[in-house]
Amino acid sequence: MPTSYLIVSLFFTLLSTYNHLSTALSTGDTRQYRSCSEAPPQSGVYTIALQNGFAPFQAYCEQQKYGGGWLVLQNRYDGSISFNRSWDEYRNGFGNTEQEYWLGLEKIHQVTMNQTHELLIVIENFTDFSAHEIYSGFRVENEATNYTLRLSNEEYSYHGTARNSFWVYRNEQFSTYDRINDKSILDCSILTGSGHWHYDCGTGYKSSNLNGEFSRDVLGGRRGMWWGTFGGQQFPLRKTRMMVKVGEN
């Protein structure tokens, strides 16, 4: 293969990576913001300083889509980070805020403890078909409750184009392979290969596995990244994002 071809190929590979990261890296903003809604209108990594004494932390703010002001809790797009992690890792967060990452359950709790938020879930499969769903009443309780998930108990309090495959997890405790808190006797975190607010390890259209194993192939059992009303396990996801901002009154 000609050297010139290899150089060109490498250039475009690096360019693609740069385009994904440039928005975050180009902000150069060292200021602190109480929320993504107060950060500048350019998407990227900002320092969030809550008003409850919790230590400031960095997070990605989505400012140019869906009206902006969204704090990204989870971002997946290439499988570079495993999401089959321990309790401590899910509590503290892992990954790179400029790439794939999980913000951390304790940070999510601190962000949502005083005000309920909207949760925006964006998904895309390997045919570039994307959709989203927004859930109201989102907050996460403290670690003493195993970071119990709260959503509005009012059915159909969600809307979007993905259709609902998450509401069933309201009022569930978070589980990981080393700290099982789900209601099933099957140990869902082990079975699905993911930390999640597992309910009963189900794979129906009301269920999902956004923290599952990244693969374009259909995986056995209940593993893989999938969304029930988006084809379920038979149509793996390539991208997922979970984002929050203060809900409208």
Amide H partners (placed H, <5 Å) of S207, local residues excluded: G228
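Rounded to a whole number, what % of the accessible area of the chain do carbon and sulfur atoms account for, probe 1.4 Å? Write out the running numbers ahead of the final one.
Working: 5930 of 12130 Å².
The value for the chain is 49 percent carbon and sulfur by accessible area.
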Test item: Cα-centred dipole of the chain, Lys/Arg +1 and Asp/Glu -1 on Cβ, debye: 160
Residue-normalised accessible area of the chain, given per residue in Å² at a 1.4 Å probe: 49
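When a/c is below 1.5 the answer is rounded, else prolate if a/b is larger than b/c, else oblate, so apply that to the stretch 20-140 with a ≥ b ≥ c taken from the square roots of the Cα gyration tensor eigenvalues. Please list the in-between numbers first.
On the way: a/c = 1.27, a/b = 1.15, b/c = 1.11.
It comes out rounded by the Cα gyration axes.
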Nearest-10 value in Å² for the accessible area of V168, using the 1.4 Å probe: 30
Accessible-area value, D178, 1.4 Å probe, nucleic acids and ligands omitted, Å²: 90
Hits among aspartates and glutamates - C-alpha to C-alpha of K183 under 20 Å, sequence gap 8 or more where chains match: E141, E143, E172, D200
Exposure ranking of I180, I185, I108, I190 by accessible area [1.4 Å probe, largest first]: I185, I190, I180, I108
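Restrict the search to the stretch 106-149; then list the chymotrypsin sites (Phe, Trp or Tyr not before Pro) that DSSP places in a loop and that have at most 14 other Cβ atoms within 10 Å of their Cβ. Numbers along the way, then the final one.
Details: sites: F126, F129, Y135, F138, Y147; in loops: F126, F129, Y147.
In loop regions of the stretch 106-149 (DSSP not H, G, I, E or B), the sparsely surrounded chymotrypsin sites (Phe, Trp or Tyr not before Pro) are F126, F129.
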Karplus-derived 3J(HN,Hα), 6.51/-1.76/1.60, for each residue of the stretch 45-57, Hz, glycine and proline x: 8, 10, 8, 9, 10, 6, 9, 10, x, 5, 4, x, 9
Largest-first ellipsoid semi-axes for the chain, taking √(5λ) over the Cα gyration tensor eigenvalues, angstrom: 28, 24, 17
Under 20 Å from K65, Cα to Cα: lysines that are on another chain or at least 8 residues apart: K239, K245
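When only Cα pairs under 8 Å and 6 or more residues apart are kept, what is the percent relative contact order across the chain?
Working: 584 pairs, mean separation 42.8, N = 249.
Computed value for the chain: 17 percent relative contact order.
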E155 - accessible surface, heavy atoms, 1.4 Å probe, Å² rounded to 10: 90
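The values are calculated or read from the model by the stated rules, or taken from the named source; none is laboratory data. Being a predicted model, the structure only gives us computed values, none of them experimental. Reconstructed Cβ throughout: ideal geometry from the backbone, glycine too, with neighbour counts over all protein chains shown. SASA here: full protein model, heavy atoms, side chains in, ligands and nucleic acids out. Shrake-Rupley method; radii C 1.70, N 1.55, O 1.52, S 1.80 Å.
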